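Only the coordinates and a few stated rules stand behind these numbers; no lab work does. Predicted model only: the values in this text are computed from it and were never measured. All Cβ positions, even for glycine, are placed from backbone atoms using ideal geometry, and neighbour counts span all protein chains on display.
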Amino acid sequence: MVKKKVPTTEKGRATRERIIQAATDLVTENGVAGMNLDDIRARTGASRSQIYHYFEDRKDIVHAVINATTKMVLINQGELLHGLDTWAGIDSWFQALVHNEVSRGGCGGCPIGTLVGQLAEKDQDARAAIAEGFDQWEAHLRDGLTRMKIEGKLNKDADPATLATATMASIQGGLLLTQVRRDPCQLRIALDAARNNLYLAKS
């Protein structure tokens, strides 16, 4: 599928971003299946021809939603993701993840993770985009742990990539149980286990 080019004018970029935001909101509220062009038009005031000017088809919009969702997750965690090269920074990140679930009452789940069940087995391009989103997120911890190993804060046998993946698995499992049980303590338990696993690699 040939992707539409990103518009070069400020007005065009603003219109495209407005469409993506509306589509992202609709996916959050109703799931991917509940996102349709008529609702996007109603929320943005964009015509059908405008939507197809910026996007090849509905599938193209879904892929833009995946990218926007990844960007949102990374922005929301902000500077915390740049401090994952110290034990204090990792602990602060974990605490912030739990606090976010407490503030949401355990609702919503992982914005990226919720797309997996809806798209991964139906759209291989979407699956790859979601995997890339997870990798962008996980890379912050992987890079931080790599720096810690270089600085001697992890033992010489530690594998930053494996530790980062195990931690991401704990986060995703904790968020899933938190969503289902409406109990942020589920994420706290998962992150306590992740912390213990990371501490085993301390030098």
As I understand it, the value is the acute angle between the Cα axis of helix 10-30 and the longest principal axis of the Cα atoms of the chain; what does it come to in degrees, rounded to 10? 70
The set of residues whose placed amide H lies less than 5 Å from the amide H of residue 154, leaving out same-chain residues fewer than 5 positions away, is 149, 203
In whole Hz, the Karplus estimates of ³J(HN,Hα) for the range 78-84 (6.51, -1.76, 1.60; θ = phi - 60°; x where Gly or Pro) are x, 5, 4, 6, 9, x, 8
Taking the alpha-carbon centroid of each part, what is the distance from the range 138-203 to the range 42-102 in angstrom? 21
Sorting check: for 76-82, 113-119, 61-67, which peptide has the highest mean count of neighbouring beta carbons within 10 Å, and how do the rest follow? 61-67, 113-119, 76-82
Suppose only helical runs count, i.e. DSSP H with n ≥ 4. What mean residue ellipticity at 222 nm does that imply for the chain under -39500 (n - 2.57) per run, divided by all residues and rounded to the nearest 500 deg cm²/dmol? -23500 deg cm²/dmol
Fewest-first sequence of 121, 17 by Cβ atoms within 10 Å of each Cβ: 121, 17
Using the eigenvalues of the Cα gyration tensor, what equivalent ellipsoid semi-axes result for the chain when each is taken as the square root of five times the eigenvalue, whole Å, largest first? 35, 19, 14
